[in-house]
Amino acid sequence: MSSDRRNDPENTSILLERIQTLESQLEEIRLQTNVLLDIARALNASLDPRVIAANIISAIASLISIDQASVCLYNEKTQDFEVIGVFDSRTIYPQMPPNLDLSFLARVLSEGVTYYCSPGNRAQDWEWICCLPLQNAQHKTGTINIHAIRQAEITPEQMQFLETVAGHATSALENALLYAIVERESITDGLTGVYNHRYFQKRLHEYISLCQRHKRSVTFGLLMIDVDNFKQFNDRFGHQFGDTVLQIIVRELRNNLREEDLIARYGGEEFAILIPEATQKIVLFISEKIREVVEKTQVYNQITAMNVSVTVSIGVTLWRSTDTPASVIMRADHALYEAKTTGRNQSIFR
């Protein structure tokens, strides 16, 4: 009897159907696994958050017919969101509405649970159909947002896929942000926050290469700035006050320079400023403006309960076609030395 049952064609057919079903399911799992591996590779292929955001949106679009989507980064210090990726099928230059209230994203992040609202319940454009929190045990990183789709609903299977993508996206963005911190710290001065000597040298070489390619049609200016009598500040009031003086001078430099001008701490109490596409008139105007602003600056000293006056001496020059990095720095240094030895609190051009 059992032998007949085993050889029953109907049972064999059912068994074959089950095998085919299992094979189809295994093939689907294999394809999904390959897709997720490709997405993970794409997300980790860049350390630029905006490139990662574009790859996140591409990953979503490979599964869901989206019309509008975005990726936002969260700044835990300011508790603000920055939009780093936007997709809108209606335009190649998409932008999120400037008046869009992003406070909803903070609620999603605080709850740590994916938000989903059926597309039919949206009241206006760019509302949230789906918001996936990007976070781990240590940090709240941001959100993936779907605002409009061309299908009736997001299925449970698709939602599971989206949450897997969100996990990979969190890791990729965390790596990118960590890299940005390390890179920024490697090129900036820890006390003042401006660029350090090593980065200044790198950019100086780049400026010279640019000028050499354009022959004499473009040049740049170099200012070497030294705080007058700085040793006396340290000796009389202590090194902490000296640090405060440097920080306040940097604040004034930043407030009175153009966005394209580059400030670096050259060493000790000396700063260097690179001024692109400059003329003698421009560099002299900028140097005198800096000198006058610093001269008017008062630094409060807690020990004496008095304001202390600060001045700077400035050596100014322009790059010349025969200059090397060393020669242009030397000429600015000579001008600075002359400014300090002939009275201080002045700018001298050479």
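Using the Cα atoms of region 108-254, I'd like the radius of gyration and the largest Cα-Cα distance, Dmax, both in angstrom.
Taking only Cα atoms of region 108-254, I get Rg and Dmax of 25.7, 75 Å.
Quick query: amide H of GLY85 versus all other amide H atoms, modeled in the peptide plane; which residues come in under 5 Å with a sequence gap of 5 or more or a different chain?
Long-range HN contacts for GLY85: VAL71.
Among THR244, HIS334, VAL182, flag the residue with its Cα farthest along the positive direction of the charge dipole of the chain, charges on Cβ as +1 for Lys/Arg and -1 for Asp/Glu.
Result: HIS334, furthest along the dipole toward the positive end.
For the chain, what is the relative contact order in percent, using Cα pairs closer than 8 Å and at least 6 residues apart in sequence? Don't jump to the answer; show the numbers that get you there.
Numbers: 530 pairs, mean separation 44.1, N = 350.
Worked out over the chain, it gives 13 percent.
I'd like the antiparallel share, as a percent to the nearest 5, of DSSP beta bridges with both residues in the chain.
Percentage antiparallel, nearest 5: 90.
For a test of the definition: using alpha carbon positions, the gyration tensor, and the 1.5 limit on a/c, classify region 265-320 as rounded, prolate or oblate.
In terms of gyration-tensor shape, prolate.
Need one number: nm distance between label points at GLN158 and ASP101, each 7 Å from Cα along Cα→Cβ, rounded to one decimal.
2.7
Which of the three applies to region 219-350, rounded, prolate or oblate, going by the alpha-carbon gyration tensor with a ≥ b ≥ c and a/c under 1.5 meaning rounded?
Numbers: a/c = 2.19, a/b = 1.84, b/c = 1.19.
Since a/c reaches 1.5 and a/b is larger than b/c, the shape of region 219-350 is classed as prolate.
Note down the magnitude of the dipole of region 230-350 about its Cα centre, charges +1 on Lys and Arg C-beta and -1 on Asp and Glu C-beta and zero elsewhere, to the nearest 20 debye.
With Lys and Arg at +1 and Asp and Glu at -1, about 200 debye.
Using only DSSP helix segments of four residues or longer, with each worth -39500 (n - 2.57), what per-residue ellipticity at 222 nm results for the chain after dividing by its residue count and rounding to 500?
Numbers: 10 runs with 169 residues, N = 350.
So the helix-based figure for the chain works out to -16000 deg cm²/dmol.
Net charge near THR311, counting Lys/Arg +1 and Asp/Glu -1 over other residues with Cβ under 9 Å of its Cβ?
Overall, the nearby charge balance is 0.
Going by average Cβ neighbours within 10 Å, how do the peptides 160-166, 208-214 rank, with the highest at the top?
Packing proxy ranking, top to bottom: 160-166, 208-214.
Any chance you could check the Cα centroid distance between region 174-206 and region 231-257 for me, in angstrom?
Spelled out, the Cα-based centre of one part sits 21 Å from the other.
How large is ³J(HN,Hα) for each residue in region 131-140, as worked out from phi by the Karplus curve 6.51 cos²θ - 1.76 cosθ + 1.60 (θ = phi - 60°), to whole Hz, x for Gly and Pro?
Ordered by residue, 3J(HN,Hα) equals 9, 9, x, 10, 7, 10, 5, 9, 9, 9 Hz.
Based only on Cα atoms, what Rg/Rh ratio does the chain have, Rh being taken as Kirkwood's radius?
On the way: Rg = 30.8 Å, Rh = 25.4 Å.
Taking Rh as the inverse mean 1/r over Cα pairs, Rg/Rh reads 1.21.
Give, rounded to the nearest 20 debye, the magnitude of the charge dipole that the chain has about its Cα centre when Lys and Arg contribute +1 at Cβ and Asp and Glu contribute -1 at Cβ.
In total the dipole reaches around 1680 debye.
Work out, step by step, the length gained on full extension between ARG320 and ASP243: first 0.36 nm times the residue separation, then minus their alpha carbon distance; give nm to one decimal. The partial results should precede the final answer.
Values: separation 77, 0.36 × 77 = 27.72 nm, distance 3.48 nm.
Gain in length upon complete extension: 24.2 nm.
Extension gain GLU185-LEU15, at 0.36 nm per residue separation less the Cα-Cα distance, in nm?
Between GLU185 and LEU15, full extension yields 54.8 nm more.
Mind checking the per residue accessible area of region 197-337 for me, 1.4 Å probe, whole number of Å²?
52
The values are calculated or read from the model by the stated rules, or taken from the named source; none is laboratory data. Computed from a predicted structure; not experimentally measured. So basically every Cβ, Gly included, is an ideal-geometry build from the backbone, and we count neighbours across all protein chains shown. SASA here: full protein model, heavy atoms, side chains in, ligands and nucleic acids out. Shrake-Rupley method; radii C 1.70, N 1.55, O 1.52, S 1.80 Å.
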